[in-house]
Amino acid sequence: MQSDKDLNLREEFPPPSFTEWKAAVVETLKGVDFDKVMKTRTDEGITLEPIYRNEDIAELPFLHNIPGTSPYLRGSDPQRFLAEGWLIAQSHSEADPAKLNAEILRELQLGVTAVNLRLEHHDSAAGVKISSLADLRTILNGLDLHAAPLFMQLDVCESGILAWLEQYAAEKGLDLASLEAGIGFDPTGEFARKGYLEDPLDALWKKVLAGVQWNLAKAPRNRLLSIDATVYGAAGASSVQELGFALSTAIGYIQGLQQSGLEIDTIAPLFQVTLSLGSNFFMEIAKIRAFRLVWAEMIRAFGGSEKSQKIWIHGKTASFNKSIYDAYVNVLRTSTEGFAGVIGGVDSLEIGCFDELTSPESEFSRRIARNQQIILKEEAHFGKVIDPAGGCYYIERLSSELAGKAWSLMQEIESAGGMIRSLRAGKIHELVDSIARNRMEAVHKRKSVCVGVNMFANPDEKPQAKPAQKQERQIVKAVELEHGALPQLRAVQELEQLRRQIEASGKNTRIMLLNMGEVAEHKARADFSLGFFQTGGFEVLNPSGFATVDEAAQAARDSGAAAFCICSTDENYQNLVPEICRLLTGKTIILAGYPADMVESYKQAGIKLFIHLRADLHASLRELADLMGVTA
């Protein structure tokens, strides 16, 4: 039927105002506090709104900046990005130089666009070992370092590699001055990572200064000051902390080099920074953009030109959120993280292998990691769009808030004397520990879901963590942190350790669910209990429902189980709990649910543990293991 007039959707369906929208939401909440339910407080100290509007970004000063202009949050080199995209910089850690060379050459043919060597350090035996010029020759044989830039994160004591690189370039007729690379060190990050330095601070600074002078004279396009913020991310730091610590670290280097007579426009191009990429998708996008904002502002404050306000950002998928159990879920995590890094605008990207916690690198795991980037670039075409997050109310606002909080944290650290002094005083440890503990508690209480660990665990899976390699070296520690190295943590590690302990105990870990009544009465809590116990590695017997208490008690006695969990409704519990506890006197009996007004009464009847949605999973499983005599 032909309409007499054109349909005008704006007239037919006028957009509601924010006030109207909020009123409708408040009505659906039926008296529940709007702010408590609809707003989210993050570990960064930022409150996320349920909806973002144009009004939320109207006052942002960077909103109309175009790509390629300061403060560069929309990208520092848009033409290069459109032509080449980001560098696919998968790391290589093969110890044998000849095998490593073959691996690199092969992967360059398969889509890798950078040579990223993960070196063996004194605190980590695994990795590439470069002990001589001959090793470097073998590793780089046949590589075009202009086509595939070289990345290496050095410790300061390994700066001799720079001299070998110079000799190698001379032998090959390679113009070192035109070679773009990311071969650098970060003594502050190294100090935090290892907990010690092998040189006194004065001697170490002389090595840094010598490296800078070599770089300026021999390889001016190399980024020698390579700040590694993943050291803090691996300890559980928030996004604000990563950015604030990286800024304060850079300020320490800049001030030292300025005192040595160098100008800020000479110093600034020496920097690159590595940021970890976690699973909070929008936060990670905003983190990268926010860092460009605060970096540009910092360099400007030092008097640097607009060109000097650019910073190379290398993204690396996080380790804090990875799991040993259900390792293939790590593929989903790294996919999200790599996606966020690309949307945020990293210059180079490294995605970790999904099974790196349990196995040596394999061709399969390396191929999966490599292809995640290739899919993002070649199939999703994300290399063809500059700043795809630009204009998004949520991300623009989040970028601004992150930048502001990171700047404030940097000022706090600087007022305390800078990063080195704050590390030695334990301030950095304290700041990071508070956030890491909050993040781990969120996993324990299942506010943060880790599939395969605290939810939907596979009871048949028996992975083993990759054994740590022994360090045989005698190391002279000239300077040590009183509080030790920053720990390398994972959010799920305490749950995984408990599960492995329970599974390896050799004790009876069988728990029987006493499903009472009709299916509708017990199924929800039975399903919850099954998943709850399986996350701890317990063997769970889940029979059909029992009609009577006597029937359930007899089945329990015949089962050989070490503990029993009653599953039914709160109303039914009033009659069931006293009777079951009487018939199973002396047994470990658990109740699914938390009827608050009856808890004390049920405890007196014989209930040893209550499991429910608000329970601390780790604490509850630990208590249950102790009750069952599974753990010592």
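The values are calculated or read from the model by the stated rules, or taken from the named source; none is laboratory data. Model, not experiment: these values are computed from the prediction. Here the Cβ is made from the backbone with ideal geometry for all residues, glycine too, and neighbour counts use every protein chain on show.
Of all residues in region 425-458, those that are surrounded by fewer than 17 Cβ atoms within 10 Å (Cβ to Cβ), touching an Asp or Glu at 6+ places or on another chain (Cβ under 9 Å), charged (D, E, K, R) and assigned to a helix (DSSP H, G or I) total 1. In this entry, S529 passes the filter for residues that are polar (S, T, N, Q), in a helix (DSSP H, G or I) and under 11 Å from I511 (Cβ atoms). Of all the residues in region 165-211, those that are without any contact (Cβ under 8 Å) to a residue 12 or more places away in the chain and surrounded by fewer than 17 Cβ atoms within 10 Å (Cβ to Cβ) number 6. Taking region 343-366 as the range and being surrounded by fewer than 21 Cβ atoms within 10 Å (Cβ to Cβ), polar (S, T, N, Q) and in contact (Cβ under 8 Å) with a residue 12 or more places away in the chain as the test, the residues that pass are T358, S359, S365.
Take the conditions (1) free of Cβ contacts under 8 Å to residues at least 60 places away in the same chain; (2) in contact with a Gly (Cβ under 7 Å, 6 or more places away or on another chain); (3) not in a helix (DSSP H, G or I); I313 misses just one of them, which is (2).
Please determine whether any residue of region 294-315 is of a type in the set (S, T, Y) and over 27 Å from the mean Cα position of the chain (by Cα). Yes; the residues of region 294-315 include at least one that is of a type in the set (S, T, Y) and over 27 Å from the mean Cα position of the chain (by Cα). If you check A235 against the conditions, is it in contact with a helix residue (DSSP H, G or I) (Cβ under 9 Å, 6 or more places away or on another chain) and assigned to a helix (DSSP H, G or I)? It is false that A235 is in contact with a helix residue (DSSP H, G or I) (Cβ under 9 Å, 6 or more places away or on another chain) and assigned to a helix (DSSP H, G or I). If I go through region 126-154 residue by residue, how many of them are assigned to a loop (DSSP other than H, G, I, E, B) and under 23 Å from L204 (Cβ atoms)? Summing the residues that are assigned to a loop (DSSP other than H, G, I, E, B) and under 23 Å from L204 (Cβ atoms) in region 126-154 gives 4. Just a yes or no: is a residue in region 340-360 in a helix (DSSP H, G or I), within 16 Å of the chain's Cα centre (by Cα) and not aliphatic (A, V, I, L, M)? Yes - at least one qualifying residue is present in region 340-360.
Among residues of region 95-122 that are assigned by TED's automatic domain parsing to the domain that holds I161 and under 17 Å from S365 (Cα atoms), those with a beta-carbon under 7 Å from a residue that is assigned to a helix (DSSP H, G or I) and modelled with pLDDT of 95 or more at least six positions away or on a different chain give the pairs L100/I139; E107/R370; L110/R370; G111/R370; G111/I374; V112/R370. Need the failing condition index for D550 against (1) among the acidic types (D, E); (2) in contact (Cβ under 8 Å) with a residue 24 or more places away in the chain; (3) within 30 Å of P463 (Cα to Cα), just the number. The one condition D550 does not meet is (3). Please go through region 285-310 and pick out each residue that is farther than 14 Å from A406 by Cα and either touching a strand residue (DSSP E or B) at 6+ places or on another chain (Cβ under 6 Å) or in a helix (DSSP H, G or I) (or both). The answer is I285, I299, R300, A301, K307, S308, Q309. Just the residues that are farther than 15 Å from A553 by Cβ and buried (at least 19 other Cβ atoms within 10 Å of the Cβ), please, taken from region 568-585. If the condition is that a residue be farther than 15 Å from A553 by Cβ and buried (at least 19 other Cβ atoms within 10 Å of the Cβ), then Y573 is the only one that fits. Filter region 459-486 for residues that are assigned to a loop (DSSP other than H, G, I, E, B) and surrounded by 14 or more Cβ atoms within 10 Å (Cβ to Cβ); which is modelled with the lowest pLDDT? Across region 459-486, the extreme among qualifying residues is K466. Within region 136-156, being buried (at least 17 other Cβ atoms within 10 Å of the Cβ) and not β-branched (V, I, T) holds for L136, L140, L145, A148, P149, L150, F151, M152, Q153, L154, D155.
When each of E171, E198 is tested for being among the acidic types (D, E) and over 30 Å from L489 (Cβ atoms), the lone residue that passes is E171. Restricting attention to region 582-619, the residues that are assigned to a helix (DSSP H, G or I) and either among the β-branched types (V, I, T) or without any contact (Cβ under 8 Å) to a residue 40 or more places away in the chain (or both) total 12. Does region 497-515 include one or more residues that are free of Cβ contacts under 8 Å to residues at least 12 places away in the same chain, within 30 Å of G45 (Cβ to Cβ) and in a helix (DSSP H, G or I)? For region 497-515, residues free of Cβ contacts under 8 Å to residues at least 12 places away in the same chain, within 30 Å of G45 (Cβ to Cβ) and in a helix (DSSP H, G or I): present. Quick one: is A442 in the same structural domain as L576 (by TED's automatic domain parsing), at pLDDT 95 or above and more than 22 Å from K194 (Cβ to Cβ)? Here the answer is no, as A442 does not meet what is asked.
The number of residues in region 410-426 that are over 15 Å from L481 (Cβ atoms), of a type outside the set (D, E, K, R) and touching a residue at least 60 places away in the same chain (Cβ under 8 Å) comes to 2.
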